[in-house]
1. If the label point is 7 Å along Cα→Cβ of Val44, which residues in region 12-27 have backbone nitrogen under 19 Å from it?
2. Select from Trp269, Ala314, Ile82 the residue farthest towards the positive end of the dipole of region 55-367; place +1 on Cβ of Lys and Arg, -1 on Cβ of Asp and Glu, and compute about the Cα centre.
3. Work out how much length Lys397 to Lys197 would gain on full extension: take 0.36 nm times their residue separation and subtract the Cα-Cα distance, in nm to one decimal.
4. Dipole size in debye (nearest 20) for region 55-367 around its Cα centre, Lys and Arg Cβ +1, Asp and Glu Cβ -1?
5. Tell me, what ³J(HN,Hα) does each residue in region 246-253 have, in order and in whole Hz, if you take phi through Karplus 6.51 cos²θ - 1.76 cosθ + 1.60 with θ = phi - 60° and put x for Gly and Pro?
6. What fraction of the DSSP beta bridges in the chain is antiparallel, stated in percent and rounded to the nearest 5?
7. For region 55-367, calculate the relative contact order in percent as a whole number, restricting contacts to Cα pairs under 8 Å that are 6 or more residues apart.
8. Lys and Arg at +1, Asp and Glu at -1: add these up for the other residues within a Cβ distance under 12 Å of Asp73 and post the number.
Amino acid sequence: MSQSILIKNSTIVNEGKSFVADVLLSDGLIEQIGNIVVESDYKVIDGTGKHLFPGIIDGQVHFRDPGLTHKGDLYTESKAAIAGGVTSFIDMPNTVPNILTAESLREKYEIASQKSLANYSFFLGVNGDNIDDVIKMDTSQFIGVSDDGLYFTKKGNLLADSPEKMEKLFANCNSIIAIHSEKEEIVEANEQAFKKKYGENIPAKFHPIIRSAEGCYEATKRAIGIAKNHNARLHILHLTTEAETHLFQNDIPLIEKKITTEVSVHHLWFSDKDYDRLGMLIKWNPAIKSEKDKQGLLKALLDDRIDIITTDHAPHALEEKEKPYFQSMSGAPMVQHSLNCMLEFYKQGLISLEKIVEKMCHNPAILYRIKNRGFIREGYFADLTLVDLNSQWTVAKDNLLYKCGWSPLEGTTFLTAIKQTFVNGNLVYDNGRFNETIKGMEITISTQSN
Ligand SMILES: O=C1C[C@@H](C(=O)O)NC(=O)N1
């Protein structure tokens, strides 16, 4: 039995309320919340003046394990996640090999059990070639299926661009289907037009015109139409345009929604104004779009058309980014800084702490039916993060934990700091120091609602 931890006097932010109380962690779980008397064998952490959040559940990351481990791996990126207050993550299938079978999925779980400091779950990849197999698989083996990132290796198989394939999948698969929604035909036509004019040296600022708002809107509209026809469970990944937000509902509880969506932190943080300063470093797919889109996404997040916040943490080596347009890899690391970015919006009066917790902790747990995580409740896993809302630090190379060693946020000063992170009741991150002896656990799925 591990030593019980008592977090004294912090402001707990949970389920729409903020209140000062003590929290006792025992045997991996939250044992008690209230006014708790210190006992001699407790490890006491003084939370006075700090805020205690449920650990962040990041519903979309690319930790690159197996096969692309020169960019990141399940150890390095989970460590960065924990320093950012993230205690659980769901990883995408575009590794090497792509995770397209039950066997490769099992191997990935095995790697994670040895390397990941945070709790983990994985999407099964679906790319158009394996739909018949996916349909036959036991859906309790995975949290959802996704095509995200697979188009990099299988151009033409992008699910959002293949209505017949999507029909088949949506008609027959009852797990969550998480789609990367861009219409490749539109993107390819734009690529050809820009190539004619600029050759290989297309400036990064044209990325949102090539991977256009129209391409996103058309794909999202079509996916929603097909999902509705089949009453399928569709999740649109990383929404980027204001126009798309109007395709989603906010008049039913999340637990009953068949069609859900998310926004990734970089699409709230950056806009097309930033391409001149950061160039290919902020080349992401779907692209970061206009200031109006950025404002529209925040509005939709606040009015519950957008259900969760993710990072789409997608590290690449700097050499893979700093290349001419067509060779430059899309994606960038974010998982260490997502909570800090959102807390910066709180500092600017744009969002409440309770809403941040709803979208980063509660709702991912509800959306993905994650069992006993995402809330500060007695009997739930003790996944928590203690945050100082009055601290100042600047993102710099020497405080990055990403294996790729760079961030588009370098030079950004944050006014909040993540002090401690607890995973399954263990103090895994403590003011810059890690306890790496304890590994995370596989996230389990609940058959009941939270
Ligand atoms: O969908 C994706 C995949 C990701 C990656 O690098 O894996 N990068 C992106 O920009 N978008």
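1. Correct set: 12, 20-26.
2. Trp269
3. Length gained between Lys397 and Lys197: 68.3 nm.
4. The dipole of region 55-367 has a size of about 420 debye.
5. Values per residue, Gly and Pro as x: 6, 8, 10, 9, 10, 9, 9, x Hz.
6. 50 percent
7. It rounds to 19 percent for region 55-367.
8. With Lys, Arg at +1 and Asp, Glu at -1, the neighbours total +3.
Bear in mind that the values in this text are calculations on the coordinates, not laboratory data. Here the structure is a predicted model, which means the values were calculated and not measured. Counting neighbours? That spans all protein chains shown, and the Cβs are built from the backbone with ideal geometry, glycine included.
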